[in-house]
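Take a look at the structure set out below.
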Amino acid sequence: MKRKSPLKAPSEFEIDPTVSLDLAGKRQSARLSRGHLEAIVWVSQAGSIHSAAQRFKEHQPLISKRLAEAEEVLGMELFVRSRSGCLPRPEAKNLIGRSARILRELQALEVREDSSLRSVRLGCIPRVMHTLFPSFIQKAANATPSMRLNAIELHSGEVLEDLLRGKLDAVIGQLTDFTNFEGLVSRHLYDEVTVFVVDAGNTSITSPIDLESLIQHPFILPAYSTSTRRSFERLLLNERLESPVPVIETKSFESSLALLAGSPFVTLIPEPVALRHEALGQIRRVQASRRFEPVGICLFYRFDQTLDPLMQQLEQLVREHIGESIERVSGKGVAVGTHQQKIKRLKRVS
């Protein structure tokens, strides 16, 4: 009888170096190609396979085939498919973002241009856009090495989605809006405070004033979906005060400012914006007995970009641009730290 060879220990199994492993540890003979990356990124950006084929002028069956192959290699479904389109699965968003970054790097290698001029797609929430731009674009262009900025104003939920899906390279937003998301690194830039303001000609409201008396006046408030409104509700809740019913609700502080002119209303806007409009004689800040808590404004990017010198340069440029005026308003904060560390500090304070 032929003797059976003894079983090998797990560490003794031979591994074919030509066979790759997917994210789940399964052995795969196929590898991701540029076509696979394009299918992943295109469908993510367009929202459906049909729209991706139209936007990027490619055959729809080919995109569908490459996407299916990519999911087979990775061992996971990247999108939830429905009649309305393709929605990235939560567990696949970081992977889609990495695919977009790799594809951009491949495209950059094929374009012959001045290597000293690097591009950054920067997403900003509205309050940051009004604080930094447009002068920050010129500062980035004059930096060494030079940086070309493409600034995009979006609300918190939108910038997060675009960052994770690879549409944006970095985001400047509020720390409190990103507390529940893993895979992100944050760098604290400065603190910002929301303030009460009235029209410059409004003489019915004196300053300082008790918060309970202030909320008896008519208000223009931001919508419930905004972080400013949530901060206002928390302020009143801590003081055990009932929230006023707004006469007008807006989606942006720009609308609130426009409606404030010549009216008896009170509204809320970021202090850097208030300082600028107050200097022009358009509005007046109202000092209430209770102030809003400072909001941490941070630079966010994906964890796989941690060692990217471009992110380090962007952080330094923003800090320099904010300057002493913002520091006087916000005071000193934590200089740097990971996203998760800042969340722990924030929870301890609250």
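Among the residues of region 139-167, those identified as part of a helix (DSSP H, G or I) and modelled with pLDDT of 85 or more are Lys139, Ala140, Ala141. Note on region 287-323: residues that are among the β-branched types (Val, Ile, Thr) and either in a strand (DSSP E or B) or free of Cβ contacts under 8 Å to residues at least 40 places away in the same chain (or both) amount to 2.
Here Arg284 does not qualify as modelled with pLDDT of 90 or more, assigned to a loop (DSSP other than H, G, I, E, B), open to solvent by 20 Å² or more (accessible area, probe 1.4 Å) and not aliphatic (A, V, I, L, M). Ala274 falls short of the stated requirement of being at pLDDT below 95, surrounded by fewer than 18 Cβ atoms within 10 Å (Cβ to Cβ) and of a type outside the set (Phe, Trp, Tyr).
Taking region 108-138 as the range and being at pLDDT 85 or above, not β-branched (Val, Ile, Thr) and not in a helix (DSSP H, G or I) as the test, the residues that pass are Arg121, Leu122, Gly123, Cys124.
Exactly one residue out of Ile96, Ile40 is surrounded by 15 or more Cβ atoms within 10 Å (Cβ to Cβ), under 26 Å from the mean Cα position of the chain (by Cα) and at pLDDT 90 or above, and it is Ile40.
Residue-wise test of (1) without any contact (Cβ under 8 Å) to a residue 24 or more places away in the chain; (2) not basic (Lys, Arg).
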residue: Ser44; (1), (2): no, yes
residue: Ala52; (1), (2): yes, yes
residue: Arg55; (1), (2): yes, no
residue: Ile63; (1), (2): no, yes
residue: Gly85; (1), (2): no, yes
residue: Asn94; (1), (2): no, yes
residue: Arg101; (1), (2): no, no
residue: Gly123; (1), (2): no, yes
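Within region 168-181, take every residue that is open to solvent by less than 20 Å² (accessible area, probe 1.4 Å) and not aliphatic (A, V, I, L, M) and give me the one that is modelled with the lowest pLDDT. The residue in question is Phe178.
The values are calculated or read from the model by the stated rules, or taken from the named source; none is laboratory data. Note that the coordinates shown come from a computational prediction; the quantities given were computed from them, not determined experimentally. Virtual Cβ from ideal backbone geometry, glycine too; neighbours counted across all protein chains shown. For accessibility, only protein heavy atoms count, side chains too; no ligands or nucleic acids. Shrake-Rupley method; radii C 1.70, N 1.55, O 1.52, S 1.80 Å.
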